[in-house]
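Q: Before I ask anything, let me first share the structure, which is written out below as structure tokens.
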Amino acid sequence: MVGPNAFQVEGRVTETLPNGTWQVELKNGHRLTAFGAGKEKADLAGLKAGDTVKLQLTPYDLSAGRILI
């Protein structure tokens, strides 16, 4: 379930990290750690540096985001 304060942004994958996480840079230059959740993890296995992704963020923690498909 998505909280009422969540919002979506686009970013570019800059690095693949261990444990199904990625380093993503937003258009404004902010860098964060992104992860896939649930069934999406299998679909995200092919992500590599340079790919564009949509992220879901909350204003409570801007250092991590969930990758949406």
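The values are calculated or read from the model by the stated rules, or taken from the named source; none is laboratory data. Model, not experiment: these values are computed from the prediction. We place every Cβ from the backbone using ideal geometry, glycine too, and count neighbours over all the protein chains shown. Just the protein is used for accessible areas: all its heavy atoms, side chains included, with ligands, DNA and RNA removed. Shrake-Rupley method; radii C 1.70, N 1.55, O 1.52, S 1.80 Å.
Q: Under a cut-off of 17 Å between alpha-carbon atoms, report the aspartates and glutamates in cross-link reach of Lys41, not counting same-chain residues fewer than 8 places apart.
A: Here the aspartates and glutamates satisfying the reach criterion relative to Lys41 are Glu15, Asp51.
Q: Oh, and also: Work out the length of the dipole vector of the chain about its Cα centre, built from +1 on the beta-carbon of each Lys and Arg and -1 on the beta-carbon of each Asp and Glu, and round it to the nearest 20 debye.
A: Dipole about the Cα centre, nearest 20: 40 debye.
Q: Another question, if that's okay. Under the rule that an exposed site lies in a DSSP loop and has at most 12 other Cβ atoms within 10 Å, name the longest stretch of the chain with no trypsin sites (Lys or Arg not before Pro) of that kind, not counting the sites themselves.
A: Looking at the chain, 1-26 is the longest stretch - no exposed trypsin sites (Lys or Arg not before Pro) with at most 12 other Cβ atoms within 10 Å.
Q: Could you work out the relative contact order of the chain, using alpha carbon pairs under 8 angstrom and six or more residues apart, expressed as a whole percent?
A: Reported as a whole number, the value is 37 percent.
Q: A further question follows. If I compute solvent accessible area with a 1.4 Å probe over the protein chains, what percent of it on the chain is carbon and sulfur?
A: C and S fraction of accessible area: 54 percent.
Q: Still on this model: For the chain, what is the accessible area per residue in Å² when the probe is 1.4 Å?
A: Accessible area per residue: 66 Å².
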